[in-house]
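Notes follow the structure.
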Amino acid sequence: LYAMAVEYGCFAPDDRFLAIAPMCHGAGMIFALAPIFFGGYAELMDKFEPEEVVRKFRDEQITGFFGVPTHFHAIFSLDPAFLDEYRSDTLHTIISNAAPLPQIMKEKIVAHFGPILHETYGSTEASIVSNLRPNDQLRKTACVGQAFPGTQIEIRREDGSICDADEVGELFSTSACLFNGYWKRPEETTEAFQDNWVTVGDLAKKDAEGHLYIVDRKKDMVISGGVNI
């Protein structure tokens, strides 16, 4: 939580966070609890209504918001005149997670709300792994940023050696927030861990600046509503 407060800058006692993701989802729960942990305010919506979300941004002086790409697609499907009417001057942090955010959507978010977008990559197993900060959103295409505070990232070849810059391999990460195993699935747990490093089967690369790019998966995965199937 302290790393989130430092990274996103929207969990102070005077912040007002709008939480719309399901509480059964790891990200939905943590982004709702974080502002409360630091003495701030969190409003939970039990149903996503894009018009109501945009109204709340302005009328309730919301400062932080977490959404998945589907939420942003719905928001920007609204009438542009409506979006302009309810433009907020308090919102200073938007966080996207759970599925890749298309570059064209990033550009829409930045154009409308300003340079306040963070795109976070992570998993239930590894927690938050990386974050693409606002200043890099339009500079780094199809990128999920650099390692989150307190997290280390390695891109490994099949033999376990470390990949060079721009070489694709399997993504491993380690931090104090790793899960301790799959429920009653010891074989899958063993497969996920190498020492104290964990993988969820994503293939990735890092550029010369240490920015991370997810390029494929070792295993097929369908994402529906931000949940892996």
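The values are calculated or read from the model by the stated rules, or taken from the named source; none is laboratory data. If you're wondering where the values come from, they're calculated on a predicted model, not measured in any experiment. Ligands, DNA and RNA are excluded from the accessible area calculation, which covers all protein heavy atoms including side chains. Shrake-Rupley method; radii C 1.70, N 1.55, O 1.52, S 1.80 Å.
Some values worked out for this structure:
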{"item": "Rounded accessible area of Arg87 (nearest 10 Å², 1.4 Å probe)", "result": "110"}
{"item": "In order through the stretch 119-136: 3J(HN,Hα) via Karplus (6.51 cos²θ - 1.76 cosθ + 1.60), integer Hz, x for Gly, Pro", "result": "10, 9, 10, x, 7, 4, 5, 10, 6, 6, 9, 8, 8, 8, 7, x, 5, 9"}
{"item": "Solvent-accessible surface ranking, highest first, for Tyr8, Tyr182 at 1.4 angstrom", "result": "Tyr182, Tyr8"}
{"item": "Cα gyration tensor shape for the stretch 97-196, rounded if a/c is under 1.5, else prolate or oblate", "result": "prolate"}
{"item": "Beta bridges by DSSP in the chain, antiparallel share as percent, to the nearest 5", "result": "65"}
{"item": "Helix-only mean residue ellipticity at 222 nm for the chain, each DSSP H run of n ≥ 4 adding -39500 (n - 2.57), per residue, nearest 500", "result": "-7000 deg cm²/dmol"}
{"item": "Heavy-atom accessible area order for Trp183, Trp197, largest first, 1.4 Å probe", "result": "Trp183, Trp197"}
{"item": "Unit Cα scatterers, Debye sum, the stretch 4-153: log10 I(q)/I(0) for q = 0.10, 0.12, 0.14, 0.18 Å⁻¹", "result": "-0.31, -0.45, -0.63, -1.09"}
{"item": "Sequence of Phe76, Phe11 from largest to smallest accessible area, 1.4 Å probe", "result": "Phe76, Phe11"}
{"item": "Taking the chain and dividing mean pair separation by its residue count, relative contact order in percent (alpha carbons under 8 Å, at least six apart)", "result": "14"}
